1. Could you work out the helix-only [θ] at 222 nm for the chain, with each DSSP H run of four or more residues adding -39,500 (n - 2.57) and the total divided by the number of residues, to the nearest 500 deg cm²/dmol?
2. Fewest first, what order do LEU3, LEU52 take by the number of other Cβ atoms within 10 Å?
3. Could you pull out every one of the lysines with an alpha carbon less than 29 Å from that of LYS41, ignoring same-chain neighbours closer than 8 positions?
4. Jot down the radius of gyration and Dmax of the stretch 8-148, Cα atoms only, both in angstrom.
5. Ranking request for peptides 152-160, 131-139, 6-14: highest mean number of other beta-carbon atoms within 10 Å first, then the rest in descending order.
6. For the stretch 61-106, just run the numbers: alpha carbon Rg, then divide by 2.2 N^0.38 Å, N being how many residues it has.
7. Over the stretch 8-148, what is the mean sequence separation of C-alpha contacts under 8 Å (at least six apart), divided by residue count, expressed as relative contact order in percent?
Amino acid sequence: MDLKNIRVILFDWGNTLMQDFGFCGSMYQWPKIFVYEDVPKTLEYLAANYVLGVATNANDSGAGAVRKALDRGGIGKFIGPIYSSGEVGFQKPQPEFFGHILKDLGLQEEAVCMVGDSFVNDVVPALGIQSFWLNRRGEEIRQGHGYTTIKSLDELMKHF
């Protein structure tokens, strides 16, 4: 994978940065939240050289609510733009979701990277955007090009 032109790294939110416990309503209001242990140090490392953003299908949370949850988890300071499907008007895996993000950022596909736990929603539809599949659950590895499989988020530090 050629990452030399990457300027923005987008992260899925639920089960990538923070655990989705499945409570109703916005995560920042949940009785408990959990930021995966490998997230803070990885985001801090990457934020030194890249713009970091969130691209999420969170139905109960717009960008403001996502920001509140990230802040509650102590990782909001590393995240710039937040794209929520409810505000974008499309959901992952619809190509229009990523198309909207690229247009908003004013960047071509080769300047953006996507990291997420859903192979179907985060990796496959990314419109030529290089992707990392965060396979925390040890699912069967799929073969293909344009993406790399990682088992923990801190593995990103050896790629960037």
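Read the figures in this text as sums done on the coordinates, not as results from a lab. As the structure is a prediction and not an experimental result, all values here were calculated from the model. Cβ: placed from backbone, ideal geometry, glycine included. Neighbour counts: every protein chain shown.
1. Details: 4 runs with 34 residues, N = 160.
Here the helix-only value at 222 nm equals -6000 deg cm²/dmol.
2. Details: LEU3 14, LEU52 20.
Ascending number of Cβ neighbours within 10 Å: LEU3, LEU52.
3. Correct list for LYS41: LYS4, LYS32, LYS68, LYS77, LYS92, LYS151, LYS158.
4. 14.1, 40
5. Details: 152-160: 15.3, 131-139: 17.3, 6-14: 21.9.
Put in order of decreasing packing, that is 6-14, 131-139, 152-160.
6. Values: Rg = 11.5 Å, N = 46, 2.2 N^0.38 = 9.4 Å.
Dividing the Cα Rg of the stretch 61-106 by 2.2 N^0.38 Å gives 1.22.
7. Values: 239 pairs, mean separation 32.7, N = 141.
Relative contact order comes out at 23 percent.
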